[in-house]
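Shown next, in structure tokens, is the structure this report addresses.
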Amino acid sequence: MDAAQQEATARARELQRNWYGEPLGALFRKLIDDLGLNQARLAGVLGLSAPMLSQLMSGQRAKIGNPAVVQRVQLLQDLAGQVADGSVSAAEATERMEEIKKSQGGSVLSTATQTTSSSGAPTVKRVVREIQSLLRSVAAAGDIIDAADTLAPTHPELAEFLRVYGAGRTSDAVTHYQSHQS
């Protein structure tokens, strides 16, 4: 790989970090490991071709163009968390992956395939990810921060919201939400 290709790949990975919280290669490898998948199976569940998944993982492409695929990634991340904490069995996870594969995206707060807590309410992490996905579908993290800076003098609460939920990491936004609930 020549210097120009290395630079383009580094730029794509940085864009992925801004848009998705981490490079897609790392995110997809976690899903593969946590859910016991291979790349071909992951591509199938997401609704991507295997070459497209490979290009996203390697940084040859920066952005997932289809919002339904982004939503499936989020659903798989939530499912992986549930498998890790033992609330979903491997057999149940396989069944849910088939449902995720069939999902068409749709409303950001769709209830058809939404992850819920034992009380039936959406998990905080799920809601935070949906807010982030919505904000990041219309602007890059840098643009969101610029908007927050512009709004800060007259609307400090909105500026903080944009910084935390639009440009921040999911874990930081969940912590922020929880600290404001007490």
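The values are calculated or read from the model by the stated rules, or taken from the named source; none is laboratory data. These numbers were taken from a predicted model, which means no experiment stands behind them. Positions of Cβ are generated from backbone atoms using ideal geometry, with glycine treated the same way; all protein chains shown enter the neighbour counts. For accessibility, only protein heavy atoms count, side chains too; no ligands or nucleic acids. Shrake-Rupley method; radii C 1.70, N 1.55, O 1.52, S 1.80 Å.
Which one is surrounded by the fewest Cβ atoms within 10 Å (Cβ to Cβ) among residues in region 16-56 that are farther than 23 Å from Arg96 by Cβ and in contact with a Pro (Cβ under 9 Å, 6 or more places away or on another chain)?
The selected residue is Arg17.
So that you can scan it fast, the table gives a plain yes or no per residue for (1) of a type in the set (Ser, Thr, Tyr); (2) open to solvent by less than 20 Å² (accessible area, probe 1.4 Å); (3) modelled with pLDDT under 75; (4) closer than 15 Å to Gln16 by Cα:
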site	(1), (2), (3), (4)
Asn66	no, no, no, yes
Val83	no, no, no, no
Ala91	no, no, no, no
Ile100	no, yes, no, no
Ser103	yes, yes, no, no
Leu109	no, no, yes, no
Val127	no, no, no, no
Gln132	no, yes, no, yes
Arg136	no, no, yes, yes
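Could you run through region 66-81 and say how many residues are under 20 Å from Ala26 (Cβ atoms) and either out of contact with any Leu (no Cβ under 8 Å at 6 or more places or on another chain) or of a type in the set (Gly, Ala, Ser) (or both)?
First pass over region 66-81, keeping only residues under 20 Å from Ala26 (Cβ atoms): 69-81.
Retained after the next criterion (residues that are either out of contact with any Leu (no Cβ under 8 Å at 6 or more places or on another chain) or of a type in the set (Gly, Ala, Ser) (or both)): 70-71, 74-75, 78, 80-81.
Going through region 66-81 one residue at a time, the tally reaches 7.
Could you tell me how many of the residues in region 54-79 are over 11 Å from the mean Cα position of the chain (by Cα) and either of a type in the set (S, T, N, Q) or under 11 Å from Arg13 (Cα atoms) (or both)?
Residues in region 54-79 being over 11 Å from the mean Cα position of the chain (by Cα) and either of a type in the set (S, T, N, Q) or under 11 Å from Arg13 (Cα atoms) (or both): 11 in total.
When the residues of region 138-182 are narrowed to those that are part of a helix (DSSP H, G or I), modelled with pLDDT under 90 and among the hydroxyl-bearing types (Ser, Thr, Tyr), which ends up farthest from the chain's Cα centre (by Cα)?
Going through the qualifying residues, I end up with Ser179.
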